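What follows is a single structure, written as structure tokens, with notes after it.
The values are calculated or read from the model by the stated rules, or taken from the named source; none is laboratory data. Everything numeric in this text was worked out from a predicted model, so none of it was measured. Positions of Cβ are backbone-derived with ideal geometry, glycine not excepted, and every protein chain shown enters the neighbour counts.
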Amino acid sequence: MAPSILSADFGGLAEAVGAVANVADWLHVDVMDGHFVPNLTIGPPVVESLRRHSGLYFDCHLMMTNPGRYLEAFRDAGADGCTVHVEIGGTSALIGRMRELGLRAGVAANPDTPFADLEPFLGDVDLVLCMSVFPGFGGQAFMPEVLDKIRQVREAIDRRDLAVDLEVDGGIDEETAALAAGAGANVLVAGSAIFGAERPWEAVEAVRAAACP
């Protein structure tokens, strides 16, 4: 389980993260540049501030046109892994740079990006992220048409016996968590379903239980 701080109260991020610290496995940090996606969120200074309050694995999803310019800054701020989008190009060089920096390397694909665009990089990364909404804003509905791609990624990972996490992000709640996990995801990102709940720590456990009945 990787709660997304995109849906947390930005005026009290440390407290929001603390509320799920004992039940979350990772913390998902959505970084948006206002160019690759139509929204602006946070950057390395906020990651650095959060790092002082949390020992969780920081899973930084870089929805940016020029992520290579900021990889070192995110590493220095406390990111454990960074994920870049195949749609921006230069993917092999970005993966190589993440490796040089000691970051776990991830590659992401939007809902309409085919599996074929991800496949060449499966053997080079630690994580594949299948977006189940178009990135930019929290609270969107899960797109079930992405399930076929998730199954394709899982089949390829298993067939090649790769040590690669398969993450799904977008519209994850108790109902859709079961769909994503059933298709092969082993990391689930949930935002509004967690931080929109009165007791977010209980919401994490509820989504986890739905995914792993």
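Things worth noting here:
- From the options D148, D112, residue that is farther than 22 Å from P38 by Cα and of a type in the set (D, E): D148
- Among the residues examined, I172 does not qualify as in contact with a helix residue (DSSP H, G or I) (Cβ under 9 Å, 6 or more places away or on another chain), at pLDDT 95 or above and assigned to a helix (DSSP H, G or I).
- Cβ-Cβ distances below 6 Å connect the following pairs, each with a first residue in segment 80-97 that is closer than 15 Å to V164 by Cβ, a second residue that is charged (D, E, K, R) and outside any helix (DSSP H, G or I), and a separation of six or more residues or different chains: G81/D59; G81/R104.
- Test for D165: is it under 12 Å from the mean Cα position of the chain (by Cα) and buried (at least 17 other Cβ atoms within 10 Å of the Cβ): yes
- One residue stands out in segment 96-129 among those that are out of contact with any Gly (no Cβ under 9 Å at 6 or more places or on another chain), of a type in the set (A, V, I, L, M, F, W, C) and under 23 Å from T41 (Cβ atoms): the one that is surrounded by the fewest Cβ atoms within 10 Å (Cβ to Cβ), namely L101.
- Candidates F195, F134: the one that is within 18 Å of the chain's Cα centre (by Cα), closer than 22 Å to S7 by Cβ and surrounded by fewer than 19 Cβ atoms within 10 Å (Cβ to Cβ) is F134.
- Residues that are under 20 Å from V189 (Cα atoms), of a type in the set (D, E, K, R), without any contact (Cβ under 8 Å) to a residue 24 or more places away in the chain and not in a helix (DSSP H, G or I) are absent from segment 117-127 altogether.
- The condition of being on the phi > 0 side of the Ramachandran plot and among the acidic types (D, E) holds for only one of D169, D161, D165, D126, that being D161.
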